[in-house]
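The block underneath contains the structure these notes are about, expressed in structure tokens.
The values are calculated or read from the model by the stated rules, or taken from the named source; none is laboratory data. These figures come from a predicted structure and were not determined experimentally. Glycine also receives a Cβ, built like all others from the backbone with ideal geometry; neighbour counts cover every protein chain displayed.
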Ligand code: FES
């Protein structure tokens, strides 16, 4: 689905918040996974108009589920453990249009 008036069809917001207490998303690999998602989307040719933009975010307010990312415009939230989870979110949700229920929060 591509709306010609929309620059990106999807935004993936990765919380990369840090706290001195060490209990924020950045303490669970958020920066590394954000970089991984960016690299993957670039390699797959998705990082362009009509594709997907990988964004960093401050605390998204759902720390207890961290690390978290939110997919917009749908407003679907995910947690992830590793690159395999991020790959699945991009392949299933962004490309396939299917919510990854096992990672949804
Ligand atoms: S620190 Fe990531 S959601 Fe709050």
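Scanning the range 25-34 for residues that are buried (at least 17 other Cβ atoms within 10 Å of the Cβ) and within 12 Å of the chain's Cα centre (by Cα) gives 30, 33, 34.
Taken over the range 5-43, the residue count meeting the criterion of being part of a loop (DSSP other than H, G, I, E, B) and either touching a residue at least 12 places away in the same chain (Cβ under 8 Å) or within 12 Å of the ligand (Cβ to nearest atom) (or both) is 13.
Right, residue 46: more than 10 Å from the ligand (Cβ to nearest atom), in contact (Cβ under 8 Å) with a residue 24 or more places away in the chain, surrounded by 18 or more Cβ atoms within 10 Å (Cβ to Cβ) and assigned to a loop (DSSP other than H, G, I, E, B) or not? Don't jump to the end; show me each part of the working.
Values: more than 10 Å from the ligand (Cβ to nearest atom): yes; in contact (Cβ under 8 Å) with a residue 24 or more places away in the chain: yes; surrounded by 18 or more Cβ atoms within 10 Å (Cβ to Cβ): yes; assigned to a loop (DSSP other than H, G, I, E, B): yes.
Yes: the conditions hold for residue 46.
Checking each residue in the range 49-81 for being closer than 23 Å to residue 18 by Cβ and loosely packed, with under 12 Cβ neighbours inside 10 Å picks out 61, 64.
When 38, 48 are checked against the criterion of being in contact with a strand residue (DSSP E or B) (Cβ under 6 Å, 6 or more places away or on another chain) and over 14 Å from residue 105 (Cβ atoms), 38 stands alone in meeting it. Pairs linking a residue in the range 52-74 that is farther than 15 Å from residue 10 by Cα to a residue that is within 7 Å of the ligand (Cβ to nearest atom) and part of a loop (DSSP other than H, G, I, E, B), with Cβ atoms under 6 Å and 6 or more positions apart or on different chains, are 58/17; 59/17; 68/60; 68/62. Please enumerate the residues belonging to the range 66-92 that are modelled with pLDDT of 95 or more and either within 8 Å of the ligand (Cβ to nearest atom) or in contact with a strand residue (DSSP E or B) (Cβ under 6 Å, 6 or more places away or on another chain) (or both). Within the range 66-92, 67, 68, 69, 70, 71, 72, 77, 78, 79, 89 qualify.
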